[in-house]
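Report on the structure given below.
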Amino acid sequence: MEGSKTYLFTHLHFHLGYNRNQIVAAKVTTDMDRRVDITDASRPMHIQFSYSVEWYEEPDLLWKHRMSRYAESRFLPSSFEIHWLSIINSFVLVLLLTAFLTIILLRVLKNDFSRYMELDDDAMEEEESGWKLIHGDVFRFPQFPALFCASVGVGNQLIFM
């Protein structure tokens, strides 16, 4: 952005309100006179930061009511609106995705089931494809179960060590 300047505020002033031995209010302000122009970042600068603290007593503000001034702030809306359209949109999207997934799974299961019902027992033993080829390896008990459990428990750290 041409012509814009970037400033760094180097001084913070803390206003802290207390009631007996408890802090019940806090406010931070900056000083416009103590700002530094950092628009030209190509030249090195020595910047000194500072802060100041002002304590003031709040005898009427109790600890349990300390957040009341922030709840009544004009920055918060007076009532939170529920966005019904977004909720309904999300719900419909979940239903559609669930329906699509169900349709795909039912088609696959229907095709597999009809193919296996057409084959007789002898042909089914001869035709091994997909997961049937590896099911023996997947469910085989390991030779050294304690070592296997320890290596799985440690994870990939053993590979990279």
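The values are calculated or read from the model by the stated rules, or taken from the named source; none is laboratory data. As the structure is a prediction and not an experimental result, all values here were calculated from the model. Neighbour counts run over all protein chains shown; Cβ positions are idealised from the backbone, glycine included. What goes into the accessible areas is simple: the full protein's heavy atoms, side chains included, and nothing from ligands, DNA or RNA. Shrake-Rupley method; radii C 1.70, N 1.55, O 1.52, S 1.80 Å.
From Phe80, Phe91, Phe100, grab the single residue that is in a loop (DSSP other than H, G, I, E, B), open to solvent by 100 Å² or more (accessible area, probe 1.4 Å) and either of a type in the set (Phe, Trp, Tyr) or in contact with a helix residue (DSSP H, G or I) (Cβ under 7 Å, 6 or more places away or on another chain) (or both).
So the residue among Phe80, Phe91, Phe100 that is in a loop (DSSP other than H, G, I, E, B), open to solvent by 100 Å² or more (accessible area, probe 1.4 Å) and either of a type in the set (Phe, Trp, Tyr) or in contact with a helix residue (DSSP H, G or I) (Cβ under 7 Å, 6 or more places away or on another chain) (or both) is Phe80.
Take Ser52 and decide whether it is surrounded by 10 or more Cβ atoms within 10 Å (Cβ to Cβ), part of a strand (DSSP E or B) and of a type in the set (S, T, N, Q).
yes
Return the pairs, sorted by first residue and then second, in which the second residue is among the hydrophobic types (A, V, I, L, M, F, W, C) and open to solvent by 80 Å² or more (accessible area, probe 1.4 Å), the first residue lies in region 1-13 and is on the phi < 0 side of the Ramachandran plot, the beta carbons are less than 6 Å apart, and the residues are 6+ apart or on different chains.
Cβ pairs passing all conditions: Thr10/Phe49; Leu12/Val28.
Only one residue in Arg43, Arg66 is of a type in the set (Lys, Arg) and over 34 Å from the mean Cα position of the chain (by Cα), so which one is that?
Being of a type in the set (Lys, Arg) and over 34 Å from the mean Cα position of the chain (by Cα) holds for just one of Arg43, Arg66, which is Arg43.
I need the full set of residues from region 24-40 which are out of contact with any strand residue (DSSP E or B) (no Cβ under 6 Å at 6 or more places or on another chain) and either among the aliphatic types (A, V, I, L, M) or open to solvent by 80 Å² or more (accessible area, probe 1.4 Å) (or both), in order please.
Met32, Asp33
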